[in-house]
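Trainee: Before anything else, here's the structure in question.
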Amino acid sequence: MFSIWKRMANSHCYKIMFAIGVIDMATILAAGFFTGYLGYFGYVFCSSPKFIYFVGAYAACCWSAESTMEVILAINRCFELLSSELARKIFGGKKLLLWLGLPILYGLSVILWSKPVIFSGIYFSWFLNPHIGYIDGVNQEYENPLTAVHNTLIIFFLLITYLTFFIIFVIKSKLAGFESSQQSYSEIMVLYNGNNGHLQTRHLHTRYMQTTFDTRLTDRLLQTDTDINL
């Protein structure tokens, strides 16, 4: 974060990355501390429904805001590579506050209309089904299609924007006779690889994207164990 802070003054990209980093640090509270605490004491939803619901909603807020902001970061990279002047017109000044504010407002709104993930001490993870592990066959009642749509759109837009980035990069490299190699290593890393921290799988984020799959898989395993015992 400190290395990003030193480069923020003249870079929209670093400012967006810094905002994402702040949300990442806020997410650690749910993904690290609260998950560890709840798992250590073996909490399930009935043990503390209000607290677990709040933490799940908080995690959903952070995930929605950050993933949306990462799409904005990818779009910013495309414009920066295409034209620095155009990027300044779109992301310069107070316009950047709007770009950063919208994902945050969207994340906060998710708390109001989206079903949060619920912690289960049985499996030490977060699921949509609050009864996972002791009441089976009700997973469909707790599915969250809105989250599925959000995750699908995030993947779609990231693929499109980075494919666009790659095409622009190849075309500009050929037109410039590969003079882009004169760029510093740090600039290339920002434009192409971006924030490497987001390439690492975060436990809570991975679970939040896979809750429906995990719930169904758990039910299948439980059913298999029952059949074997019989």
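Every number in this text was worked out from the coordinates using simple rules, so none of it is lab data. Everything quoted here is computed from the prediction, not taken from an experiment. Cβ sites come from the backbone with ideal geometry, for glycine too, and all protein chains shown count toward neighbours.
Trainee: Would you mind computing, in nm to one decimal, how far apart the modelled labels at ILE171 and VAL22 are, each placed 7 Å from Cα along Cα→Cβ?
Mentor: 3.5
Trainee: Under the rule of at least 5 residues apart or a separate chain, name every residue whose amide H is placed under 5 Å from the amide H of SER125.
Mentor: Result for SER125 returns SER120.
Trainee: Starting from the Cα-Cα distance between TYR37 and PHE54, subtract it from 0.36 nm times their residue separation and give me the gain in nm to one decimal.
Mentor: Numbers: separation 17, 0.36 × 17 = 6.12 nm, distance 1.46 nm.
Extra length available between TYR37 and PHE54 comes to 4.7 nm.
Trainee: Could I ask something else about it? Report the FRET efficiency, 1/(1 + (r/R0)^6), for LEU97 and LEU29, where r is their Cβ-Cβ distance and R0 is 41 Å, rounded to 0.05. Mind showing how you got there, number by number?
Mentor: Values: r = 25 Å, r/R0 = 0.60.
My answer for the efficiency is 0.95.
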